[in-house]
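Q: One structure is given below, represented as structure tokens, and several questions about it will come after.
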Amino acid sequence: MTVRAAVVGVGYLGRFHAEKYAAEPGVELVAVVDPDSARAAEVAERYGCRALGDAREIYGTVDCASVVVPTPLHRDVGVGLLEAGIDVLVEKPIAATLEEARDLVRVADAQGRILQVGHLERFNPAIRALAGVLTQPRFLECHRLATFVERGTDVDVVLDLMIHDLDVILSIMPSAVAAIEAVGVPVITASPDIANARIRFADGAIANVTASRVSLKRERKLRIFQPDTYISLDYGEKRLRICRRGEAPPGGLAPIEVEERVVEGGDALAEEIRAFLEAVRTREVPLVSGREGLRAMELAYQILASVEGELARSSSRPK
């Protein structure tokens with residue numbers, strides 16, 4: 001079965017979606033859609049497909065589509081495609097608000113369509129390598145730091161960057177969230193550009209998460225502590241360091257055994273799109289379903305509520 005695909009929005013990231021579909025066996029990239037006609041024409045010429053200006057023009061012509069438009073447009077574009085019988089891969093965050101995210105999930109369910117959310121880190125080979133190492137995480141520490149770029153500032157840093165780690169954490173932790181403390185600071189934009197959240201789970205485990213889009217360097221790291229084991233993961237370098245407690249000699253301290261793994265290769269976006277296409281073909285629930293994207297959004301909004309409460313308290317304190 002040849003899957004007919006389209007990409008709605010071919011700015012910086014959408015171009016990569018078009019590239020992956022065009023290179024995938026058994027897939028026909030039918031069209032790219034963008035209100036910027038010159039941009040759409042350029043990408044369409046490169047990948048041998050049609051250039052269109054409105055997502056409604058692909059109704060009835062494709063089986064699935066990536067939605068790579070600004071976040072405030074995710075709901076309207078996504079719902080239109082789902083109601084037209086088209087399976088949707090929507091970039092993260094799933095939508096601009098919880099209400100809009102719930103709309104997307106509700107419509108996908110009602111129409112019997114596939115809805116996948118583009119949480120790319122789930123397809124990072126370093127994250128996948130954790131599967132055989134995790135046993136009982138008790139403390140997680142995440143740092144996601146980036147230099148400032150205007151792209152992505154239609155949402156705050158929690159929805160822009162931190163949500164990557166929130167999705168990963170929720171996929172790792174078996175227990176429900178019990179409490180949150182968070183703080184955020186607007187530095188360049190009017191919304192928080194740097195934020196930290198301390199998340200306590202019902203089983204007592206803790207996650208400490210920091211995201212910044214105003215840093216001088218890039219960093220994407222995850223550290224996990226569990227009984228007998230410390231795991232350090234570098235997303236960018238795809239490097240995993242595992243420190244385990246070895247067997248103690250009689251009357252002595254246990255040695256620390258260190259294992260270094262470099263996870264070779266892997267194209268996370270290509271893997272994400274392949275997973276989406278597999279769900280389109282098999283009708284199985286994708287790895288990062290709409291409900292998974294909604295769950296990450298719900299946690300992000302709890303963090304934002306804590307951030308806003310702290311900002312309100314700090315502004316009311318005597319100077």
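The values are calculated or read from the model by the stated rules, or taken from the named source; none is laboratory data. A quick note: this is a predicted structure, and the numbers were derived from the prediction, not measured. Glycine also receives a Cβ, built like all others from the backbone with ideal geometry; neighbour counts cover every protein chain displayed.
Q: Within region 259-305, how many residues turn out to be over 26 Å from ALA190 (Cβ atoms), surrounded by fewer than 18 Cβ atoms within 10 Å (Cβ to Cβ) and acidic (Asp, Glu)?
A: Total satisfying the criteria: 6.
Q: From GLY80, GLY14, which residue is small (Gly, Ala, Ser), buried (at least 21 other Cβ atoms within 10 Å of the Cβ) and either closer than 20 Å to GLN116 by Cα or in the same structural domain as VAL107 (by TED's automatic domain parsing) (or both)? Don't jump to the end; show me each part of the working.
A: Numbers: GLY80 fails: buried (at least 21 other Cβ atoms within 10 Å of the Cβ).
Within the list GLY80, GLY14, the selection yields GLY14.
Q: Hey, GLU19 hits all of (1) farther than 28 Å from GLU100 by Cα; (2) not in a helix (DSSP H, G or I) but one; which does it fall short on?
A: (2)
Q: Give VAL33, VAL27, VAL10, VAL3 a once-over and let me know the one that is more than 20 Å from ALA279 (Cβ to Cβ), β-branched (Val, Ile, Thr) and over 22 Å from the mean Cα position of the chain (by Cα).
A: Residue meeting the stated conditions: VAL33.
Q: Given GLU24, GLU28, which one is without any contact (Cβ under 8 Å) to a residue 40 or more places away in the chain, under 20 Å from THR282 (Cα atoms) and either of a type in the set (Lys, Arg) or not assigned by TED's automatic domain parsing to the domain that holds ASP154 (or both)?
A: On the way: GLU24 fails: without any contact (Cβ under 8 Å) to a residue 40 or more places away in the chain.
One residue alone meets the criteria, GLU28.
Q: Out of THR71, THR61, report the one residue that is at pLDDT below 95 and either in the same structural domain as VAL105 (by TED's automatic domain parsing) or over 15 Å from VAL117 (Cβ atoms) (or both).
A: Answer to the selection: THR71.
Q: What do you reckon, is ALA176 more than 30 Å from TYR21 (Cα to Cα) and either modelled with pLDDT of 95 or more or hydroxyl-bearing (Ser, Thr, Tyr) (or both)? Quick ask: steps written out before the conclusion?
A: Values: more than 30 Å from TYR21 (Cα to Cα): yes; either modelled with pLDDT of 95 or more or hydroxyl-bearing (Ser, Thr, Tyr) (or both): yes.
Yes: the conditions hold for ALA176.
Q: To continue, here is another question. Consider region 23-40. How many of its residues are surrounded by 15 or more Cβ atoms within 10 Å (Cβ to Cβ) and over 26 Å from GLU99 (Cα atoms)?
A: Filtering region 23-40 down to residues surrounded by 15 or more Cβ atoms within 10 Å (Cβ to Cβ) leaves 24, 27-34, 39-40.
Adding the requirement that they be over 26 Å from GLU99 (Cα atoms) leaves 24, 27-32, 39-40.
Qualifying residue count, region 23-40: 9.
Q: Do we find that ALA190 is without any contact (Cβ under 8 Å) to a residue 12 or more places away in the chain, surrounded by fewer than 17 Cβ atoms within 10 Å (Cβ to Cβ) and out of contact with any helix residue (DSSP H, G or I) (no Cβ under 8 Å at 6 or more places or on another chain) in this structure? Don't jump to the end; show me each part of the working.
A: Working: without any contact (Cβ under 8 Å) to a residue 12 or more places away in the chain: yes; surrounded by fewer than 17 Cβ atoms within 10 Å (Cβ to Cβ): yes; out of contact with any helix residue (DSSP H, G or I) (no Cβ under 8 Å at 6 or more places or on another chain): yes.
Here the answer is yes, as ALA190 does meet what is asked.
Q: Follow-up question, since we're still on this one. Sort through VAL280, VAL288, VAL263 and tell me the only one that's of a type in the set (Val, Ile, Thr) and within 18 Å of the chain's Cα centre (by Cα). Break it down stepwise before answering.
A: Working: VAL280 fails: within 18 Å of the chain's Cα centre (by Cα); VAL263 fails: within 18 Å of the chain's Cα centre (by Cα).
Within the list VAL280, VAL288, VAL263, the selection yields VAL288.
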